[in-house]
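Everything on this sheet refers to the single structure shown next.
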Amino acid sequence: MVHSDWGDWLPTAVADADPDGVAVWYLGCNGFVLKGSEGTTLFVDPYLGTGDPPRTVRMIPVPFDPRDVTEADAVFATHEHTDHVHGPSQAPILAETGATLYAPDDSVTVARDEEEWHDRYAVQQDQYQTVAEGDTVEVGEFTVHVEVANDPDATHPVSYVFEHDAGTVFHGGDTKPSDDFAALGERYDVDLGILAFGTVGRIPDKQTREPKRTRWYNDENQIIEAASDLQFDRLLPSHWDMWKGLTADPTALHHHARSFDYPERLDVVEIGDRVNVTGD
């Protein structure tokens with residue numbers, strides 16, 4: 001059971017919004033909501049758990065109860081880690097709205113076979129949809145391309161390119177720089193790109209619980225390298241707010257990005273904030 005620190009104001013704000021183009025809300029961690037001008041609503045990697053203290057300790061509020069979500073056309077997962085595929089966070093959204101879960105094979109295995117969302121949360125079997133690199137799916141007013149991701153800690157990560165008449169949004173999950181990104185930067189005109197950012201810290205090992213030097217996300221140089229190769233107009237850093245010991249200061253990225261052609265702009269947002277993609 002998820003307990004929201006903020007009541008239902010955030011899902012209500014999403015439901016009530018009438019964006020001119022695409023509105024994007026940051027849910028903290030690596031979670032986002034995209035809503036188009038015609039009302040299509042997509043969730044990407046929403047995570048409302050508190051981690052596994054004392055190994056992973058959530059540092060930000062739980063922004064909503066998933067049962068308060070009344071409008072969703074799809075939930076996209078980038079890879080199989082708990083803070084990207086999480087039954088208590090995502091299955092109630094599917095059950096309440098009838099949305100489809102789009103995810104790579106190992107992520108669907110977690111949801112369907114390991115956590116059995118269809119038995120525990122009344123998710124229907126046809127709500128699981130496996131995708132892989134090179135696939136394209138149409139969800140309402142969005143065309144979604146499944147692309148490569150470079151996350152050595154995951155077994156099958158992917159990234160997503162969300163195309164809309166108003167502009168294009170890239171969500172890389174927990175990817176680090178990839179040799180494939182320069183080609184993607186030439187293929188897509190990305191208005192807003194989302195990449196995970198954090199420090200290197202000492203996190204208790206999963207087995208021994210002894211503190212271990214840990215790098216899960218891009219550092220300052222890696223995130224700008226990836227954003228530059230992908231030719232982002234705007235870079236929105238995510239995940240920097242989430243785990244105790246791995247939090248970071250995204251405003252430092254202004255200095256790292258200054259001498260590069262891309263990203264052209266840095267969008268620093270906090271949990272609950274909204275940004276817009278309008279094609280201007």
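The values are calculated or read from the model by the stated rules, or taken from the named source; none is laboratory data. Source: prediction; values computed, not measured. Here the Cβ is made from the backbone with ideal geometry for all residues, glycine too, and neighbour counts use every protein chain on show.
When the residues of the stretch 249-267 are narrowed to those that are surrounded by 17 or more Cβ atoms within 10 Å (Cβ to Cβ) and either under 17 Å from the mean Cα position of the chain (by Cα) or of a type outside the set (Ser, Thr, Tyr) (or both), which ends up nearest to ALA196 (Cα to Cα)?
My answer is PRO250.
Which numbered condition in (1) more than 18 Å from ALA17 (Cβ to Cβ); (2) at pLDDT below 95 is the only one that THR70 fails?
Every condition holds for THR70 apart from (1).
What are the residues in the stretch 91-109 that are within 30 Å of ASP180 (Cα to Cα) and either of a type outside the set (Val, Ile, Thr) or assigned to a helix (DSSP H, G or I) (or both), if any?
LEU101, TYR102, ALA103, PRO104, ASP105, ASP106, SER107, VAL108, THR109
Quick check on the stretch 40-51: of everything there that is surrounded by fewer than 21 Cβ atoms within 10 Å (Cβ to Cβ) and either among the basic types (Lys, Arg) or in contact (Cβ under 8 Å) with a residue 24 or more places away in the chain (or both), which residue is farthest from TRP9 (Cα to Cα)?
Taking the stretch 40-51 first, the residues surrounded by fewer than 21 Cβ atoms within 10 Å (Cβ to Cβ) are 40, 49-51.
Now narrow it down to the ones that are either among the basic types (Lys, Arg) or in contact (Cβ under 8 Å) with a residue 24 or more places away in the chain (or both): 40, 49, 51.
Details: THR40: 19, GLY49: 18, GLY51: 23 Å.
Among them, the one singled out is GLY51.
Taking the condition of being aliphatic (A, V, I, L, M) and more than 16 Å from the chain's Cα centre (by Cα), how many residues in the stretch 23-53 meet it? Talk me through it step by step, then tell me what you get.
Our first condition is that a residue be aliphatic (A, V, I, L, M); within the stretch 23-53, this holds for 23-24, 27, 33-34, 42, 44, 48.
In the following step, the residues that additionally are more than 16 Å from the chain's Cα centre (by Cα) were identified as none.
Residues that pass the stated criteria total 0.
Name, by its number, the condition in (1) surrounded by fewer than 16 Cβ atoms within 10 Å (Cβ to Cβ); (2) of a type outside the set (Asp, Glu); (3) part of a strand (DSSP E or B) that does not hold for ALA196.
Here ALA196 clears every test but (1).
Among the residues of the stretch 65-94, write down those that are among the hydroxyl-bearing types (Ser, Thr, Tyr), in contact (Cβ under 8 Å) with a residue 60 or more places away in the chain and out of contact with any helix residue (DSSP H, G or I) (no Cβ under 7 Å at 6 or more places or on another chain).
THR78
VAL268: touching a residue at least 60 places away in the same chain (Cβ under 8 Å) and either farther than 22 Å from HIS145 by Cβ or of a type in the set (A, V, I, L, M) (or both), yes or no?
No; evaluated as a whole, the condition is false for this residue.
Of all residues in the stretch 67-90, count the ones that are part of a helix (DSSP H, G or I) and more than 16 Å from the chain's Cα centre (by Cα).
Qualifying residue count, the stretch 67-90: 3.
Tell me, please, whether a residue that is more than 27 Å from PRO152 (Cβ to Cβ) and loosely packed, with under 15 Cβ neighbours inside 10 Å can be found in the stretch 75-93.
So far as the stretch 75-93 goes, no, none of its residues is more than 27 Å from PRO152 (Cβ to Cβ) and loosely packed, with under 15 Cβ neighbours inside 10 Å.
The conditions are (1) outside any helix (DSSP H, G or I); (2) out of contact with any Lys or Arg (no Cβ under 9 Å at 6 or more places or on another chain); (3) modelled with pLDDT of 95 or more, and PRO11 fails exactly one of them. Which is it?
Of everything listed in (1) outside any helix (DSSP H, G or I); (2) out of contact with any Lys or Arg (no Cβ under 9 Å at 6 or more places or on another chain); (3) modelled with pLDDT of 95 or more, PRO11 misses just condition (1).
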